[in-house]
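Working notes for the structure below.
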Amino acid sequence: RPATMEEVPKSTPGKGTHSSQTGEQPKGEEGPVRSGAESMEVQVERKDMRREEAKGDDQLKEAFRLYGISKIVQAYEIIESISESKCVKSASDSAASQIEEIRQCYRQMVRTRELLADNEGWKCVVDNYNGVSTYHRQEEDTPIHSLKVVGIIEAPIQHILSLIIEADLIPTFINFIKIQLDQLKVKSVYHQILYSRIPLPWPFDHRDLAVEAHGFDVLDEHGEIIIYGATIKEFEDVKIPEVPQRCTRLDLHLGGARIRPLTMNKVEITAIGNLDFKIFLPPTVVNWFAKTFAYYVFCDFRSKAQATSGNGAHYERVKE
């Protein structure tokens, strides 16, 4: 029997329709069709982008790891090499904060090294007496005085670093003056928040200060370890002690030290501080500080570093 209208099959493109036979594009479908070659190029580009992003992420992790062990120069160089990458530009708040911290610490390290290398305008107060020299410099047009001490310690660098890192034990071997030194927060062995109180004889008020201190390992680049410190008024969740009675808070604009191993058992140390004593002090008084306080504190430190053997808390920490 003849087919009804409902039974006549509808034609579909590609199955004998006029459009498939003539090669014409069906009505209602417009625009060029992307070729297979173009599609492959896009896929390759996307793979390259993902590969670069993964590489940037790995480099950023490596920079953070190096910073964690105080390799500040290497960490900074990685950060700068990928500064235009997506992993840096779109970093999370915590990652961006750590990136900025690395940059800031690098600048602090450079500034400290420049100060330690600056030999202009210093007045020698103790000239290589008992292997120690001390210096004083009045900074022009400011109330800031700079003190510097230079000496050789015949001891392994590990002994010296153990004395510095375990800052809470420093008062146990400074015999010249009974100072107070507290570790308010130890973020790492290379990054600490410290509080110190220094008693002074009448008629002077005692002095105290709160300091953020960093240690930078630049042995690979410069053959030395750099220590940087400066006073702070606040730091994260750390409670900074109030200024006690009959005490004045010092401003340490920049304090630093260079620890340079000369041999396996001989180390040269240069320590420096830019201080505002918060009182007018004539040069003779500041020279007395350089001649006595700076000299004898260094001598006590040297004696302990050279005797760090046998039993005791420092020896245990040297072994660690």
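Of all residues in segment 111-123, those satisfying the criterion of being outside any helix (DSSP H, G or I) and out of contact with any His (no Cβ under 6 Å at 6 or more places or on another chain) are 118, 119, 120, 121, 122. Does residue 141 qualify as being in a strand (DSSP E or B), open to solvent by 60 Å² or more (accessible area, probe 1.4 Å) and free of Cβ contacts under 8 Å to residues at least 60 places away in the same chain? In short, no. With the structure loaded, tell me whether residue 108 is in contact (Cβ under 8 Å) with a residue 24 or more places away in the chain and in a helix (DSSP H, G or I) or whether it fails that test. Considered against the rule, which asks whether it is in contact (Cβ under 8 Å) with a residue 24 or more places away in the chain and in a helix (DSSP H, G or I), residue 108 comes out as yes.
Scanning segment 176-186 for residues that are in a strand (DSSP E or B) and in contact with a Ser or Thr (Cβ under 7 Å, 6 or more places away or on another chain), we see that the one that is surrounded by the most Cβ atoms within 10 Å (Cβ to Cβ) is 181. The residue that is surrounded by the fewest Cβ atoms within 10 Å (Cβ to Cβ), counting only those in segment 96-133 that are among the aliphatic types (A, V, I, L, M), within 12 Å of the chain's Cα centre (by Cα) and within 21 Å of residue 62 (Cβ to Cβ), is 102.
Note on segment 187-243: among residues that are closer than 22 Å to residue 165 by Cβ and basic (Lys, Arg), the one that is surrounded by the fewest Cβ atoms within 10 Å (Cβ to Cβ) is 187. Within segment 265-284, which residues are of a type outside the set (Asp, Glu), part of a strand (DSSP E or B) and either at pLDDT below 85 or open to solvent by 40 Å² or more (accessible area, probe 1.4 Å) (or both)? Result: 266, single match.
The values are calculated or read from the model by the stated rules, or taken from the named source; none is laboratory data. These numbers were taken from a predicted model, which means no experiment stands behind them. Reconstructed Cβ throughout: ideal geometry from the backbone, glycine too, with neighbour counts over all protein chains shown. For accessibility, only protein heavy atoms count, side chains too; no ligands or nucleic acids. Shrake-Rupley method; radii C 1.70, N 1.55, O 1.52, S 1.80 Å.
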